[in-house]
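Notes follow the structure.
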Amino acid sequence: MVPFEFHPRTRVVFGPATVTRVGQLARDLGFRRTLLVADPGIREAGHTARVLDSLTAAGVEPFPFDSFGINPDSAMVAAGAAFAAPLNIDSIVGLGGGSSLDCAKGINFVLRNGGSIADYRGYGKAATPLLPMIGIPTTAGTGSEAQSYAVIADATTHMKMACGDPSAAVRIAILDPDLTLSAPRHVTAMAGYDAIAHAVESAVSTKRNPLSDTFARQAWHLLSEAFERVMLHPADADARAAMLVGAHFAGMAIETSMLGAAHACANPLTARYNIPHGLALALVLPHVVRWNGAAVKDRYAALLGAPRRRIRDEDPAETLALRLEDFAVTGHLAITLSDAGVDAAAIPELAALAAQQWTGTFNPRPFDAVGAEEIYRAGI
Ligand SMILES: [Fe+2]
């Protein structure tokens, strides 16, 4: 068993309409002047106004910031920190998908400690603790509200940097499934696939441990049961709740177990072709599961339901890969890299980039450029 450390830093508040409690929860934490980081789509959906109203009613003065997009980069983070610098804020609220939550954390790093977000790549490099934060996800996806990492792209190379610190974990995560109802279908599909990938990768990583296994398995159970329901019946409240809690648990699993080759192969697709993160994962995860199969088939069998001897006797990796491909079909996601616009001639370059990804070092089968090339070729 590998060593692990678990220090819950986040109070989790789950339930329909819990977003209306944000003002009081912020006051409980002593917030007086808070930066509200929420992208323009969240404002258009009406979520920003509800949070602003709740904060104001509780006597917390909010300062909204929305000048960033999906895949927030180092320049957007710098702009947010520059916006916040003269405001004398004492706290930050992140509202939205992973973009908003990661951008909020990134701004916090730079605002409190100066320099560029790239200076905080790795873990524990914030000399001054970050301002206290509340995280409110509006998609069931990254689980960023469960993690002490901000994932920010380099504005020049577009490659993702993971910047972590104990103080980057939000103090309170508000999980209100009603907020996820407004997401467009393809956003729900891609975010949900990201969460599923987190459960699958964290269940087999080299840093997996009994605690991360607990969260990964329960995340898989919730997400795999609910994904198709939420795709077919978007207003199904129970399915929405299961997706949001499942995504949060998958985020908790990642916190101690990290990820693997699917995220390593997905990141260059996003950087080079601007393919959204969840879609990039859908294109590579089934092939990574097959590629890993011989190394961790018992663990994949356990994820699918250990007592089912039939799964064990068949090929658990293939069974899981087929299930993952079904999810992509249900989500109306592209199935092959070619469909997504990837040129086979680019595979060696993509593979070289994938091999440099930190996340690939935690894959259960040793992963390098040769392995990445095999995975991309299987998916083209
Ligand atoms: Fe992810």
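Being more than 16 Å from the ligand (Cβ to nearest atom), at negative phi and under 20 Å from the mean Cα position of the chain (by Cα) is the requirement here; does GLY41 meet it? Criteria met by GLY41. Could you please give the count of residues in segment 89-146 that are in contact with a strand residue (DSSP E or B) (Cβ under 9 Å, 6 or more places away or on another chain) and without any contact (Cβ under 8 Å) to a residue 24 or more places away in the chain? Of the residues in that region, 1 qualify. Filter segment 175-198 down to the residues that are without any contact (Cβ under 8 Å) to a residue 60 or more places away in the chain and within 14 Å of the ligand (Cβ to nearest atom) and list them by number. The answer is ALA195, and nothing else. Does GLY251 count as within 13 Å of the ligand (Cβ to nearest atom), in a helix (DSSP H, G or I), surrounded by 24 or more Cβ atoms within 10 Å (Cβ to Cβ) and not acidic (Asp, Glu)? Yes; evaluated as a whole, the condition is true for this residue.
If you check ARG240 against the conditions, is it surrounded by fewer than 24 Cβ atoms within 10 Å (Cβ to Cβ) and among the basic types (Lys, Arg)? It is false that ARG240 is surrounded by fewer than 24 Cβ atoms within 10 Å (Cβ to Cβ) and among the basic types (Lys, Arg).
I'd like to check which strands (runs of 3 or more DSSP E) are fully inside segment 1-114 and have at least 2 residues that are aliphatic (A, V, I, L, M) and buried (at least 23 other Cβ atoms within 10 Å of the Cβ). Ranges flagged: 33-37, 91-96.
May I ask you to verify whether ILE275 is within 16 Å of the ligand (Cβ to nearest atom) and outside any helix (DSSP H, G or I)? Break it down into steps so the answer makes sense when it comes.
Working: within 16 Å of the ligand (Cβ to nearest atom): yes; outside any helix (DSSP H, G or I): yes.
When the stated conditions are applied, ILE275 passes them.
Cβ-Cβ distances below 7 Å connect the following pairs, each with a first residue in segment 72-86 that is closer than 17 Å to MET159 by Cα, a second residue that is assigned to a helix (DSSP H, G or I) and small (Gly, Ala, Ser), and a separation of six or more residues or different chains: PRO72/SER99; PRO72/GLY106; SER74/ALA118; VAL77/GLY106. For a quick check of your reading of the model, give me the residue pairs whose first member lies in segment 273-290 and is at negative phi and surrounded by fewer than 22 Cβ atoms within 10 Å (Cβ to Cβ), whose second is of a type in the set (Asp, Glu) and outside any helix (DSSP H, G or I), with beta-carbon atoms closer than 9 Å and at least 6 apart or on different chains. These pairs meet every condition: ARG290/ASP315.
Since every read-out is calculated from the coordinates, none of them should be taken as a lab result. Computed from a predicted structure; not experimentally measured. Neighbour counts are summed over all protein chains in view; Cβ atoms, including those assigned to glycine, are modelled from backbone coordinates with ideal geometry.
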